[in-house]
Amino acid sequence: MEPVDQPEYVATHLKQLLAEDPETSEQGIEVLLVNGQLFLRGAVATEERRDAVAEFVARHAPGLRVHNDLVTYDWPEPTEAESLT
Amino acid sequence: MIRIAAVGDVHVGQDSCGKLRPHWEHLAENADAFLLAGDLTRCGTASEVEVLVDELRDVGVPVVTVLGNHDYQADEPDKVTGLLRDAGVHVLEGDGVVLDLPAGRLGVAGTKGFGGGFAGACATEFGEPEIKAFVRHSKELADRLCGALSGLDADVKVALTHYSPVADTLHGERLEIYPFLGSYLLGEAVDGGGAQLAVHGHAHNGSEKGVTAGGVHVRNVAQPVIRRAYALYELEPAALAPV
């Protein structure tokens, strides 16, 4: 295996690309490459971005199966406040 | 009781139209002020800010924000700031604002802040120009925060930053990236400036609750951390007044 094909480098390059490419601009996504399969973990703001990230990764890592474990922000208003005094 | 709603890292984009406002439906009943801890947008473009401004319209309480690193990505932080201020949002960077609320005067001082790491494992202003510039920038922003906090004439003082002032609220993040998530200099500024609460974002995999060395409550309100539309905090001015 060429040094640049090492899983750590492939996953890290994808993570950097997700942050730096204007198509995605997602800095907080974890990318794991295990036994030739890619796992995406973290939270993104919308369903559209969740799908777009998986499609982007698949396009930049042809031949690798992508597991999209990203969650989306859809959290409710709070029901109580924390008292700090 | 002064009631504060706070959230960070909402990362508004063109696809966010109509998606945040429903989650802020009852905010004005629940809180007296709304603090945003940066990373308001995906990339800091004018069109993204316009979506956020639309979502914030008629939210019903004063809105105070700082920018985050994402809001600098398009290299137009001044334009982002200008659009938000035109919409009536208080945008802080090394300065503060005092809000006259029914329960008392809430003073908020803010800065995006920067990295550098925490006590025992921090960068120093030494070596190459690039690292010296990195550390100097962090020092300058923290110094301005301290000055802005000290200058607030308020019953309750809150420090609002994007980067974290403590390591506590980063638990869950990988240790190797702590220097990119905050700086102890911000913690010193929070303590030195007399804040009762520090609110920040940026660390999506961190923890909500922490405390500075001086005993000030710190809350990481990045939305993936709090897993709510916003966090709610209450502070009683009378309980904080010197005896």
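Looking at segment B:149-202, which of its residues are in a helix (DSSP H, G or I) and within 19 Å of B:Gly104 (Cα to Cα)?
B:Leu149, B:Ser150
Within segment A:53-85, restricting attention to residues that are touching a strand residue (DSSP E or B) at 6+ places or on another chain (Cβ under 8 Å) and of a type in the set (D, E, K, R), the residue that is nearest to the other protein chains (Cβ to nearest Cβ) is A:Glu82.
In summary, B:Gly44 fulfils each of the numbered conditions (1) small (Gly, Ala, Ser); (2) touching a residue at least 40 places away in the same chain (Cβ under 8 Å); (3) at the interface with chain A (Cβ under 10 Å from one of its Cβ atoms) with the single exception of condition (2). If the condition is being in contact (Cβ under 8 Å) with a residue 60 or more places away in the chain, part of a loop (DSSP other than H, G, I, E, B), over 12 Å from B:Ala159 (Cα atoms) and in contact with a strand residue (DSSP E or B) (Cβ under 6 Å, 6 or more places away or on another chain), then segment B:78-114 contributes only B:Ala103. Screening B:Leu197 with (1) farther than 16 Å from B:Asn69 by Cβ; (2) in contact (Cβ under 8 Å) with a residue 60 or more places away in the chain; (3) more than 14 Å from every other protein chain (Cβ to nearest Cβ) gives one miss only, at (3). Answer yes if at least one residue in segment B:49-63 is modelled with pLDDT under 95, of a type in the set (Asp, Glu), part of a loop (DSSP other than H, G, I, E, B) and on the phi > 0 side of the Ramachandran plot, and no otherwise. Yes, there is a match, as at least one residue in segment B:49-63 is modelled with pLDDT under 95, of a type in the set (Asp, Glu), part of a loop (DSSP other than H, G, I, E, B) and on the phi > 0 side of the Ramachandran plot.
Inclusion of B:Glu29 among residues that are at pLDDT 95 or above, within 12 Å of chain A (Cβ to nearest Cβ), out of contact with any Asp or Glu (no Cβ under 9 Å at 6 or more places or on another chain) and surrounded by fewer than 18 Cβ atoms within 10 Å (Cβ to Cβ) is warranted. When A:Ser83 is tested against the conditions (1) within 18 Å of A:Leu17 (Cα to Cα); (2) modelled with pLDDT of 90 or more, the lone failure is (1). For segment B:208-224, give me each residue that is closer than 16 Å to B:Leu35 by Cα and of a type in the set (Val, Ile, Thr). Correct list: B:Val218, B:Val221. In segment A:30-46, the residues that are farther than 27 Å from B:Gly18 by Cα reach residues that are of a type in the set (S, T, N, Q) with C-beta atoms within less than 8 angstrom, at least six apart or across chains, in these pairs: A:Val31/A:Thr12.
If you filter segment B:207-237 down to residues that are closer than 26 Å to B:Val59 by Cβ and in a loop (DSSP other than H, G, I, E, B), you find that the one that is farthest from the other protein chains (Cβ to nearest Cβ) is B:Val221. For segment A:51-75, the set of residues classified as surrounded by fewer than 18 Cβ atoms within 10 Å (Cβ to Cβ) and under 23 Å from B:Thr41 (Cβ atoms) consists of A:Asp51, A:Ala52, A:Ala54, A:Glu55, A:Val71, A:Thr72, A:Asp74, A:Trp75, listed by residue number. Within segment B:99-115, the set of residues being crowded, with 18+ Cβ neighbours inside 10 Å and on the phi < 0 side of the Ramachandran plot comprises B:Leu99, B:Leu101, B:Leu106, B:Gly107, B:Val108, B:Ala109, B:Gly110, B:Thr111, B:Lys112, B:Phe114, B:Gly115.
Going through (1) at pLDDT 95 or above; (2) surrounded by fewer than 24 Cβ atoms within 10 Å (Cβ to Cβ) one by one, B:Thr169 falls short only on (2). Every residue in segment B:116-135 that is surrounded by 12 or more Cβ atoms within 10 Å (Cβ to Cβ) and part of a helix (DSSP H, G or I), please. Result: B:Ile131, B:Lys132, B:Phe134, B:Val135. Filtering segment B:210-227 to residues that are in contact with a helix residue (DSSP H, G or I) (Cβ under 9 Å, 6 or more places away or on another chain) and under 16 Å from A:Glu80 (Cα atoms) leaves only B:Arg219. Across segment B:1-26, which residue is nearest to the chain's Cα centre (by Cα) among those that are buried (at least 24 other Cβ atoms within 10 Å of the Cβ) and within 9 Å of chain A (Cβ to nearest Cβ)? If we take residues in segment B:1-26 being buried (at least 24 other Cβ atoms within 10 Å of the Cβ) and within 9 Å of chain A (Cβ to nearest Cβ), then B:Asp9 is nearest to the chain's Cα centre (by Cα).
Yes or no, residue by residue, for (1) under 12 Å from the mean Cα position of the chain (by Cα); (2) at positive phi; (3) modelled with pLDDT of 90 or more:
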| position | (1), (2), (3) |
| --- | --- |
| A:Asp21 | no, no, yes |
| A:Glu26 | yes, no, yes |
| A:Ala43 | yes, no, yes |
| A:Glu47 | no, no, yes |
| A:Ala52 | yes, no, yes |
| A:Phe56 | yes, no, yes |
| A:Ala61 | no, no, yes |
| A:Arg65 | no, no, yes |
| A:Tyr73 | no, no, no |
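The values are calculated or read from the model by the stated rules, or taken from the named source; none is laboratory data. Predicted model, so just to flag it, every value in this text is computed and none were measured. Because the Cβ atoms are built from the backbone with ideal geometry, glycine has one as well, and the counts that use them run over all protein chains shown.
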